[in-house]
Structures are given as C-alpha cells and as structure tokens.
Amino acid sequence: MNDIIPGLLGYDSNSPLLFTQFYFWAFFGVVLAVLSLLGKRIAMRNAFLCAASFFFYYKSSGMFVSLLAFTVVFCFFCGKNIHKAPTPGKKKAHLLLGLIANLGILAYFKYAYFITNLINDLTNLHLKVWDAFAWIGNSVAGSNLFCVDNILLPVGISFFIFQSISYLMDIYRGKIEPLNNLLDFGFFVSFFPQLVAGPIVRANTFIPQLHKPFFLGRRQFGIAIFWILNGLAKKFILSDYIAVNFVDRVFTNPDMYSGFETLWALFGYSLQVYADFSGYTDIATGVAMLMGFYLPMNFNSPYKAPNPGNFWKRWHVSLSQWLQHYLYIPLGGNREASFGTYCCILTIALIGTILSGNFWVAIVVGIVTVIISVVAFLKPETRKKINTNLNRMNTMLLGGLWHGASWNFMIWGGLNGLGMVVFEFWKNRDVYVRTLVIMLVALLFLFLDYRYELPAFRIGLIWTGAIFLGTFLRMLYNLFGGKQSFTTLEKVWAIGQTFVFVTFTRLFFRSGSNLDPAEANKAAWNTTKTMIEQLATAWNTSTIGDMLFAYRFVFGLIIAGLIIHWLPTHFKRWYRINFALLPLPVIALLVTIVVFVVYQFKTADLQAFIYFQF
C-alpha cells in the first residue's frame, strides 16, 4: 500500500498520463463519479474540475504544473486590469504586459536554443542555454534536483499560452468580460481533455459553458462514446502501428530504403499525423461531452481539400482560426499591409538567411523583396493583392515557427504559404494561361535538372510534368469544342494534387520533429536531404513486388485509412448517429469488441501523441 499510493499520486516521467493508458480511464471514472455527486452545484463543479485538471497536468508534466498555475494567476489579474483600465492607452498597456509575459514564457521554453544559435551565428560567440527555472528549483530545494544545462519543453505549453492570450485579447476587444472567480478561469485554461494537445478553445465560445448546468441526452451520450472509440482506433490501429512498423524506420535510417519505400513512408506519415492528432481530438471531444462540455471541431476531413487554402480551413481548425483572428487580421488581413506585415516578413527572411548559412539564399531573398516592392509601388491596383499575400505568407511562416524553431519548420510553413499564394494566382487564370505557365515551370525544372542534376529539381520536374499533362489535356478538350463539364473529375484531380503537395511538405515537418533542439537543424536537414535523394534516384522497379508483399499489412492499413477518410461526409454522419441510437447493451457490447481489437494493435511502448511536443 505504501508503494501504490505514491505511484498513483506521484509523477513518473517514464509514464505520463495519456488517453491510451488504463490509469487515465480510472482517473476519468473517478471524475465522473464526483461530478454525479455534485449535481447542479456549478461553482463546486468548476472548482473540482479545475483541481482535477491541475492533477492531470501534474501527472503529465510534473513540476511544470507550477508554470501553468503562474499563467492562470497572472492572466486572471491581467484580464481584470485590462477591463477596468480607465483609458484606451492604459488598456493597451495592460494588454501588452500580458502578451509580453505569455509570449516571453513561450519563447524561453520553446525558442531558447533557436535564439541562442542565432546570436552565436551573428556574433561568433559560444553561448549555451541555461534553465533558470531549474536553478530556482535547486535553490528552493537546497540540492541539485534539476539539470540546468538543458531546457525541457513543458507538455502543451503552446496550447494553454494561446488560450490565455485569446482571453486577454477578447477582453481588450470587448467581446467578453473577465471572470470574477479564479477557479473558474483556472478551469477554462486547464480543462484536462484538451489541455495538452488542443483544440485551442477561445474564451468567447467556452466561458459561457462554465455557468450552464450539466446536460447529457441519450443521443449525446452515444455520440460521445463513438468519438472516444473512433479516437482510440485512429491512434492504435492507424497512427501507432503504421509509425512503429514502417514510417519511423524509414525516417530514422532513410539511406537504407528505396524511393518507393520513401514515397510510401511520406503517404503513411500523412495518414499517421492525421490519425494521431485527430484521434486525440476525438477522444478529447468525447470525454468533454460526457462531462457536459462541447469542444470546437478541429478537423473536417482535411485530405478532401481541393487547394492548400481550403486544407488549412479543415486542418487544425482551432489553430488556423486563432492565427486568423489574432495574427492575420491584426496584420491587415485582406485589406492592407501594416508595419507589422513588413517587419515580420523581413525578420523571418533574415532569420531564414542566417539559418541557411548560404550566400545565395540572401541573394534570392533580396531579389524577391526588390521585385515585390517595385511592383507594389508601380501598380497600386495590385498592391492590395500583394499585401494580402504577404499577410498570408507571414501567418503561415509564423505558424511554422509555432510548431518548432528550426529551419525545417520554416520551410514547411513557407511551402504551405507559397501553395496558398500560387493557388490565388492559379484560380483566376483560364486553362490556356495555366497550360502555358505550368509548361514554362516544367521546362525550367528540366533545365535545372539537366544543368545541376539535383534530386529536388528532378522531383519538381516529375510533379510539374504531371500537372502539365492534366492541364494540357483539358486545354485540348476545350480547343476541340468540348462542352461537357467534368466537375467531379476536376475535383478528384484537385484533391489528389493538394494531397500530394501537403504530403511532400510533411517531409520537412516530420524531419524536424522528435529531435533534441540543440541539434534539430542539422539532423533534420540531413534527413530531409537524404530522403529527397532517395525519392529522386533510388528506384528499382524489379523489387517493388517484393516490397508490396513484405509491407502488405502496413500498406493495406494506409490504403484503408485513406479510403475511410475520403468516404462522403453524410455517410459518416449516418453511421455515427445510428451508433448513438443503438440500445445501451448493444453499445456496451460494441465498446468491448472495439477495445479488444484496438489493444491487439498496441505497441510494446505507448507512443505519445505527436502534438504533445508542440
């Protein structure tokens, strides 16, 4: 007994509290039991859930729970100061204080290595990171309990910091009034189902739920159970199994795998990261619903998107909307450019140039900057479009940096921004202009591949060549008087192209993940470079049949997962609702069967959710 209680209540860094552990479901069962005893006593319910959420975070992150507590207390009083400030200037001053404190904490934990390396590159110094919080802990304890030589990233810090910022911003904009109860605010920031990996809950949508009495109808109960089972199946059957048995192996030793295997690893990772992240969201949604709370939709079949812009309206919706409301629109949105627009784009360009350490990158950045500036000055009618695209590119670049402070994440964000900008140009052109443009781009890649023989140029040639072929055939159809509309075929083609584009950008995303920040840039770049070389050169068609047979189960899961994803939305809604309306004994039987099947796919070591690191 003396060993069991510390194990249940203490923090174990080797066994953090996860949705995929039995311990979590025991914890959640206790929470539901207490909630049933509290009944309609809303204040006590909120206080209890605040305490339970802090315990959950302690079991997930240990002493970093003190950082969460500081954020809650600081933002609670900062919000009150913003609201009661007598003048707009003082309101803005309190808001700036809150933003600086929150973003400062985020920058310290998430970007310390990034900033230190940047300073070292600029000044030739040899600065090293130093964990001030660990030093404070050692001073309080009177012994060296914590290591001060490296900075650990608290789980979910980006999510609860962004949530706190939304609270302060909404008070400043007059959309909400500050909460009067610290425990209510603590509950809003720390609500455990979505605390460590989202969705990011905005204050003006969730706070009104704090004061509503508990209600869970028969259908809502069934839907909640469905979401939990759906999330567990995504996590275990698709994400973890594909990762452990194929994707992780390829990314760990990319030079040992052929181009065919590398291509499948990229498609597999696209499915893995979706199944992992949306699986977490599904479980969080179901758990929250069983307690009477509703979280915002975070995924809307993103791989059905026909263009990059639409993809980001479907993927990680809560982050996309947060960036839109608190970054894109303040920068000027689709109206104009602000000082912040040019400050951001130039700063990011400078950082990217320094990180690359390449003189030619600086030249290209300089040329692009001059061209954009001249066009904006000489053609006022196009200035608005340029400003809109600059704000769009800023948002995606900063979104990339939000995921991680490394060169690869900047490339990933920049490519997504570039895809959105290119589509804005593409969608307003007729088929003849499109054919001419893509032909010229394909010819450019052909020349570059012939001249320099770089794998990236060969991949560009193959991809743009495929797009040119489809566009050329459509142009021929128009030239010969074709009148029939191919709406469905065109949509399938657009979805396929978008999926391929998004999948390729994920090469940079995955290469920068799961790495020690001290070596992330070099290791991520080497992995990316090797995989691009394998994609472009390491193909042996005679062995493809053997590889298909060797990986038949993994490849089958990837295909099955994508087919399920692409099923019509109305069909998915139909089977979700019909599951919810089944008799309770039948639901209980199905829960037993699904849990049994799911745990057959359990890997030896439980895999943390991918977005815990962000």
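The values are calculated or read from the model by the stated rules, or taken from the named source; none is laboratory data. The structure displayed is predicted, hence computed values, not measured ones. Cβ sites come from the backbone with ideal geometry, for glycine too, and all protein chains shown count toward neighbours. The accessibility values were calculated without ligands, DNA or RNA, using every heavy atom of the protein model including side chains. Shrake-Rupley method; radii C 1.70, N 1.55, O 1.52, S 1.80 Å.
When PRO86 is tested against the conditions (1) out of contact with any Pro (no Cβ under 6 Å at 6 or more places or on another chain); (2) at pLDDT below 90; (3) surrounded by 13 or more Cβ atoms within 10 Å (Cβ to Cβ), the lone failure is (3).
Answer yes or no: is there a residue in segment 49-61 that is within 18 Å of LEU152 (Cα to Cα) and not hydroxyl-bearing (Ser, Thr, Tyr). Among the residues of segment 49-61, at least one is within 18 Å of LEU152 (Cα to Cα) and not hydroxyl-bearing (Ser, Thr, Tyr), which makes the answer yes.
Pairs meeting the criteria (first residue in segment 545-556 and within 13 Å of ALA243 (Cα to Cα), second residue basic (Lys, Arg) and surrounded by 10 or more Cβ atoms within 10 Å (Cβ to Cβ), beta carbons under 7 Å, at least 6 apart or on different chains) are lacking. Residues in segment 381-420 that are over 17 Å from the mean Cα position of the chain (by Cα) and more than 20 Å from PHE504 (Cβ to Cβ): GLU381, THR382, ARG383, LYS384, LYS385, ILE386, ASN387, THR388, ASN389, LEU390, ASN391. Residue check: is SER158 in contact with a helix residue (DSSP H, G or I) (Cβ under 6 Å, 6 or more places away or on another chain) and crowded, with 21+ Cβ neighbours inside 10 Å? Criteria not met by SER158. Within segment 380-431, the residues that satisfy the criterion of being touching a Phe, Trp or Tyr at 6+ places or on another chain (Cβ under 9 Å), part of a helix (DSSP H, G or I), within 20 Å of SER158 (Cβ to Cβ) and aliphatic (A, V, I, L, M) are MET396, LEU401, MET410, ILE411. Among the residues of segment 184-215, those that are crowded, with 19+ Cβ neighbours inside 10 Å and among the polar types (S, T, N, Q) comprise SER190, GLN194.
Of the residues in segment 576-588, at least one is touching a helix residue (DSSP H, G or I) at 6+ places or on another chain (Cβ under 9 Å), in contact (Cβ under 8 Å) with a residue 40 or more places away in the chain, open to solvent by 60 Å² or more (accessible area, probe 1.4 Å) and not polar (S, T, N, Q).
Checking the stated criteria, ALA518 turns out to be under 30 Å from PRO16 (Cα atoms), in a helix (DSSP H, G or I), modelled with pLDDT under 80 and open to solvent by 50 Å² or more (accessible area, probe 1.4 Å). Taking residues in segment 258-279 that are under 14 Å from SER239 (Cβ atoms), and partners anywhere that are crowded, with 22+ Cβ neighbours inside 10 Å and among the acidic types (Asp, Glu), the pairs with Cβ atoms closer than 9 Å and at least 6 places apart or on different chains are GLN272/ASP240; ALA275/ASP240; ASP276/ASP240. Identify, please: which residue in segment 403-419 is touching a residue at least 40 places away in the same chain (Cβ under 8 Å) and among the hydrophobic types (A, V, I, L, M, F, W, C) and is, among those, nearest to ILE345 (Cα to Cα)? Here the residue is MET410. Are any of the residues in segment 375-387 at pLDDT 80 or above and open to solvent by 30 Å² or more (accessible area, probe 1.4 Å)? The answer is no, given that none of the residues of segment 375-387 is at pLDDT 80 or above and open to solvent by 30 Å² or more (accessible area, probe 1.4 Å).
Every test in (1) more than 30 Å from LEU153 (Cβ to Cβ); (2) assigned to a helix (DSSP H, G or I) is passed by GLY561 save one, and that test is (1). Summed over segment 423-440, the residues that are in contact (Cβ under 8 Å) with a residue 24 or more places away in the chain and within 29 Å of GLY399 (Cα to Cα) give a count of 4. For segment 521-569, taking the residues that are β-branched (Val, Ile, Thr), surrounded by 12 or more Cβ atoms within 10 Å (Cβ to Cβ) and at pLDDT below 85, the one that is farthest from LYS128 (Cα to Cα) is identified as THR543. Would you call PHE133 surrounded by 12 or more Cβ atoms within 10 Å (Cβ to Cβ) and under 30 Å from ARG202 (Cα atoms)? In short, yes. Within segment 471-490, being modelled with pLDDT of 90 or more and not polar (S, T, N, Q) holds for one residue alone: PHE472.
Give me a count of the residues in segment 226-254 that are of a type in the set (Val, Ile, Thr) and open to solvent by less than 30 Å² (accessible area, probe 1.4 Å). Of the residues in segment 226-254, 4 are of a type in the set (Val, Ile, Thr) and open to solvent by less than 30 Å² (accessible area, probe 1.4 Å). For segment 97-114, check the following and say yes or no: at least one residue is among the charged types (D, E, K, R), at negative phi, buried (at least 18 other Cβ atoms within 10 Å of the Cβ) and free of Cβ contacts under 8 Å to residues at least 60 places away in the same chain. Checking segment 97-114: not a single residue is among the charged types (D, E, K, R), at negative phi, buried (at least 18 other Cβ atoms within 10 Å of the Cβ) and free of Cβ contacts under 8 Å to residues at least 60 places away in the same chain. When the residues of segment 216-225 are filtered to those that are aliphatic (A, V, I, L, M), open to solvent by 10 Å² or more (accessible area, probe 1.4 Å) and at pLDDT 90 or above, the one that is farthest from GLU177 (Cα to Cα) is ILE225. Reported count of residues in segment 326-342, each being touching a residue at least 60 places away in the same chain (Cβ under 8 Å) and within 26 Å of LYS427 (Cα to Cα), is 3. Only residues that are under 21 Å from VAL65 (Cα atoms), at pLDDT below 85 and open to solvent by 50 Å² or more (accessible area, probe 1.4 Å) were counted in segment 16-51, giving 0.
The residue that is modelled with the lowest pLDDT, counting only those in segment 140-173 that are closer than 16 Å to GLY104 by Cβ, over 16 Å from the mean Cα position of the chain (by Cα) and not aliphatic (A, V, I, L, M), is PRO154. Total residues in segment 52-66 satisfying the condition of being open to solvent by less than 40 Å² (accessible area, probe 1.4 Å) and touching a helix residue (DSSP H, G or I) at 6+ places or on another chain (Cβ under 7 Å): the figure is 5. The set of residues from segment 291-316 being within 19 Å of LEU271 (Cβ to Cβ) and open to solvent by less than 20 Å² (accessible area, probe 1.4 Å) comprises ASN298, SER301, PRO302, TYR303, ALA305, PRO308, PHE311, TRP315, HIS316.
Pairing each residue of segment 172-187 that is aliphatic (A, V, I, L, M) with any residue that is surrounded by fewer than 19 Cβ atoms within 10 Å (Cβ to Cβ) and modelled with pLDDT under 90, provided the two are 6+ apart or on different chains, yields C-beta distances under 6 Å for ILE176/ASN204. Residues in segment 327-340: is at least one among the hydrophobic types (A, V, I, L, M, F, W, C), more than 30 Å from LEU229 (Cβ to Cβ), modelled with pLDDT under 75 and in a helix (DSSP H, G or I)? Yes, there is a match, as at least one residue in segment 327-340 is among the hydrophobic types (A, V, I, L, M, F, W, C), more than 30 Å from LEU229 (Cβ to Cβ), modelled with pLDDT under 75 and in a helix (DSSP H, G or I). For residues that are of a type in the set (Val, Ile, Thr) and open to solvent by 50 Å² or more (accessible area, probe 1.4 Å), scanning just segment 409-440, find the one that is nearest to ALA536 (Cα to Cα). In this case the residue turns out to be VAL422.
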